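Beneath this line is the structure, given in structure tokens, with notes to follow.
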Amino acid sequence: MTETTTIANGALTDPWLQTRPGELCAIRVDSAETNGTYSVVEIVASPGDSTPIHVHAREDEHFVILEGTARIAYGEKTFDAPTGTSISLMRGISHAWGNPSPDSKLRMLVTCTPGGAEEALRLIAKGGDIDLMAIAKKSGVEILGPPLLGIPPAQ
């Protein structure tokens with residue numbers, strides 16, 4: 001029996017993408033490298049950066065906090081996840097994350113299963129005249145509320 005193994009190259013498939021003020025993303029494993037099974041994105045968030053409360057219809061997310069502390073709202077709970085924390089956020093449950101530190105960056109790896117969420121990041125990073133709500137809807141993401149930490153950082 002012959003088995004085929006795909007080895008993700010580990011190199012950046014895109015340059016660092018600025019997806020909003022205060023957030024940079026690097027696609028570490030593109031879903032095309034895994035036949036759509038998963039994708040991995042490295043995120044670096046500035047102090048005060050946070051996502052809006054949202055829910056994914058298509059993918060689960062697994063976070064590994066590499067540096068700093070993430071504040072995570074998941075369902076009815078909100079908690080801080082320091083460096084070394086690993087947490088799975090299941091599709092269909094509202095969540096948001098942010099960097100509550102006043103002076104330190106947050107760096108984490110996010111694995112999306114199945115893959116494909118990285119395509120929305122590429123579209124958002126293009127900037128210009130984009131419709132964020134349309135991109136979210138097309139990606140199976142519903143925005144439910146404001147950024148977790150209030151007003152996003154200025155550019």
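The values are calculated or read from the model by the stated rules, or taken from the named source; none is laboratory data. Given the structure is predicted, the values throughout are model-derived calculations rather than measurements. Quick reminder, even Gly has a Cβ in these numbers, built from the backbone with ideal geometry, and neighbours come from all protein chains shown.
May I ask you to list the residues in region 33-64 that are in contact with a Lys or Arg (Cβ under 8 Å, 6 or more places away or on another chain) and closer than 21 Å to residue 15 by Cα?
40, 41, 42, 43, 44, 45, 46, 49 - these are the residues of region 33-64 that are in contact with a Lys or Arg (Cβ under 8 Å, 6 or more places away or on another chain) and closer than 21 Å to residue 15 by Cα.
Could you list, in sequence order, all residues of region 120-135 that are under 19 Å from residue 58 (Cβ atoms) and touching a residue at least 24 places away in the same chain (Cβ under 8 Å)?
Scanning region 120-135 gives 121, 122, 124.
Where in region 1-73 are there strands (runs of 3 or more DSSP E), lying wholly inside it, with at least 1 residues that are at pLDDT 95 or above and aliphatic (A, V, I, L, M)? Even if it seems obvious, please write down each step before you answer.
Numbers: elements: 17-20, 23-29, 39-45, 52-56, 60-67.
Correct list: 23-29, 39-45, 52-56, 60-67.
Quick check on region 19-35. Is at least one of its residues of a type in the set (S, T, N, Q), surrounded by fewer than 20 Cβ atoms within 10 Å (Cβ to Cβ) and either out of contact with any strand residue (DSSP E or B) (no Cβ under 8 Å at 6 or more places or on another chain) or within 12 Å of residue 115 (Cα to Cα) (or both)?
yes
Can you name the residue in region 136-155 that is modelled with pLDDT under 90 and of a type in the set (D, E, K, R) and is also farthest from residue 95 (Cα to Cα) among such residues?
Among them, the one singled out is 138.
Which members of region 79-117 meet the condition of being in contact (Cβ under 8 Å) with a residue 24 or more places away in the chain, part of a strand (DSSP E or B) and loosely packed, with under 13 Cβ neighbours inside 10 Å?
Within region 79-117, the subset in contact (Cβ under 8 Å) with a residue 24 or more places away in the chain is 86-117.
Checking which are part of a strand (DSSP E or B) leaves us with 86-89, 95-98, 106-113.
Residues satisfying the conditions are 86, 88.
Determine which single condition residue 120 fails, assuming it passes every other condition in (1) assigned to a loop (DSSP other than H, G, I, E, B); (2) closer than 15 Å to residue 141 by Cβ.
Against the list (1) assigned to a loop (DSSP other than H, G, I, E, B); (2) closer than 15 Å to residue 141 by Cβ, residue 120 comes up short only on (1).
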